[in-house]
Amino acid sequence: MQGYLNQKSAKEEPLDAVVGTDGRNVVISERELNLATLFGDVCIHRLGYSGPELDSVFPLDQALNYRYTNILKAYSAKLG
């Protein structure tokens, strides 16, 4: 699983000239997310886009269909 995530991270390219809905430039930064999964611990390296008083957006999270609530549901189902 880690190899798959490394491959997806390596293919992620920064978006050019990202501007927020308020017209301000958005800052791009590389972030790391450590997850404990049913298959073991993994680390996702992904690009984040954020600005002052804005929530961060991580396009790779969306591409991988990662949502924190999905992880909680999976663990709840596994733990019974």
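The values are calculated or read from the model by the stated rules, or taken from the named source; none is laboratory data. Model, not experiment: these values are computed from the prediction. Neighbour counts run over all protein chains shown; Cβ positions are idealised from the backbone, glycine included.
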* Scope region 52-72; condition modelled with pLDDT under 75 and surrounded by 15 or more Cβ atoms within 10 Å (Cβ to Cβ); matching residues -> 66
* Asked: Which one is farthest from residue 66 (Cα to Cα) among residues in region 8-48 that are of a type in the set (Asp, Glu) and part of a strand (DSSP E or B)?
  -> 30
* Taking the stated definitions as given, is residue 34 touching an Asp or Glu at 6+ places or on another chain (Cβ under 8 Å) and exposed (fewer than 12 other Cβ atoms within 10 Å of the Cβ)? -> yes
